[in-house]
Amino acid sequence: MAKSFSVLVLNQCVDIAQREAQAVVSAINVQLREHFGPSWYISAQCKLAPKSLSHIAMAKVTQDAVMIITDKPTIKDAVGYHDKVESSGMPFGYVFQDVSAELEEPWSVTFSHEILELVLNRHANYYAIGPHPKDRKRNVVHWLEACDACQDYSYKIGKIAVS
């Protein structure tokens, strides 16, 4: 495997303690190392930043991507998403704890989902042509997403639910 892809995780959520966030990051690292990475031939890991990390310090991030856990969605009806910063090309993502709570799903499942997709499709620009879901006679462009097809399923690593 090539150099490990590194994701910096920022916990900006009021209701999630750093200890809880670290437990989830540790479970995701197990998932990346033992389940996801070998299947996709990808080496990746997450690192939880201190809560005190400022936006100014973010400009000096040496990781390959950033995932932010926060309360309120910045995009209507989104539980989480990943994209890239157009100016720098750095991949980033968001997970919204409030929306996960409304859906009665652990935020760790959405976090896992978005981390896995961010690692696999870091530039959010891999597509495939295939049949339209409702009109099989015409083709459309599908955004390649690793977890969407099975997003209703989760499993546990220790006590942490993951996608």
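The values are calculated or read from the model by the stated rules, or taken from the named source; none is laboratory data. On a predicted model such as this, the values are computed, not experimentally measured, just so you know. All accessible areas refer to the heavy atoms of the entire protein, side chains included, with ligands and DNA or RNA removed. Shrake-Rupley method; radii C 1.70, N 1.55, O 1.52, S 1.80 Å.
3J(HN,Hα) along the range 95-101: 10, 10, 4, 4, 5, 4, 5 Hz, from the Karplus curve 6.51 cos²θ - 1.76 cosθ + 1.60 with θ = phi - 60°, whole Hz, x for Gly and Pro.
Computed from phi, the 3J(HN,Hα) profile of the range 154-163 under the Karplus parametrisation 6.51, -1.76, 1.60 (θ = phi - 60°) reads 9, 9, 10, 10, x, 9, 9, 7, 10, 6 Hz, with x in place of Gly and Pro.
Under a 5 Å amide H cut-off, with hydrogens placed 1.01 Å from N, Met90 pairs with Val85 among residues at least 5 apart or on other chains.
Ordered by 1.4 Å accessible area with all protein chains kept, Met67, Met90 run largest first as Met90, Met67. Fully extending the segment from Tyr127 to Lys72 would add 16.9 nm, taking 0.36 nm per residue of separation and subtracting the current Cα-Cα distance. For the residues Tyr94, Tyr41, Tyr153, Tyr127, a 1.4 Å probe over the protein chains yields an accessible-area ranking, largest first, of Tyr41, Tyr153, Tyr127, Tyr94. Between the amide H of Ala44 and those of Phe5, distances stay under 5 Å, these residues lying 5 or more places away or on another chain, with hydrogens modeled in the peptide plane.
Amide H contacts of Val9 (H built 1.01 Å from N, in plane; Pro and chain starts excluded): Lys47, Leu48, Ala49, Met67 sit under 5 Å, all sequence-distant by 5 or more or on other chains. Using a cut-off of 29 Å between Cα atoms, the listed pairs Lys47/Lys134; Lys51/Lys156; Lys134/Lys156; Lys72/Lys134 include Lys47/Lys134; Lys134/Lys156; Lys72/Lys134 as exceeding that distance.
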